[in-house]
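Down below is the structure, laid out as structure tokens.
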Amino acid sequence: MHKKEITLPEVLGSAAFNELRDELIEAVIHDGEIAINAAQVERLSTPCAQLIAAFLQIRKSQNQQATIGKFSPNFHAAWSDLGLDDLKLGEFESNEALNSCFAA
């Protein structure tokens, strides 16, 4: 098993949604730790935040580690504004609405 890093782009808006979804779907089956690098993120849309939250929850349900290891102040502010700041990374509750974000 080896560690995989996913580096998020500066803008995670509607134009980045499909590419992010595809990258996270591919990463769901990765056997090993995944670190999400959000250090460059300047803007985070709600749908993209939901994808990331769903991804973390799915990885937890598979007993696989995934974390957001690095994040920008703007990423943290948006994550917090969406009410996700209280969630400890990798400790998401099961949520069918979040899982449905991965439906193509």
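Read-outs: derived from the displayed coordinates by stated rules, not from any lab. For clarity, every value in this text was computed on a predicted model and none was experimentally measured. Positions of Cβ are backbone-derived with ideal geometry, glycine not excepted, and every protein chain shown enters the neighbour counts.
Laid out as a table, the results:
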| quantity | calculated |
| --- | --- |
| Extension gain (nm, one decimal) between ALA77 and PHE17, 0.36 nm per residue minus Cα-Cα | 19.7 nm |
| Backbone N under 19 Å from the SER61 label point (7 Å along Cα→Cβ), restricted to region 1-24 | 21-24 |
| Qualifying trypsin sites (Lys or Arg not before Pro) for region 1-93 [loop in DSSP, other Cβ within 10 Å: at most 14] | LYS3, LYS88 |
| Where labels lie 7 Å past Cα in the beta-carbon direction, separation of THR46 and GLU26 in nm | 2.9 |
| Furthest towards positive pole of dipole, PRO9, PRO73, VAL28, structure part region 1-73, Cβ charges | PRO73 |
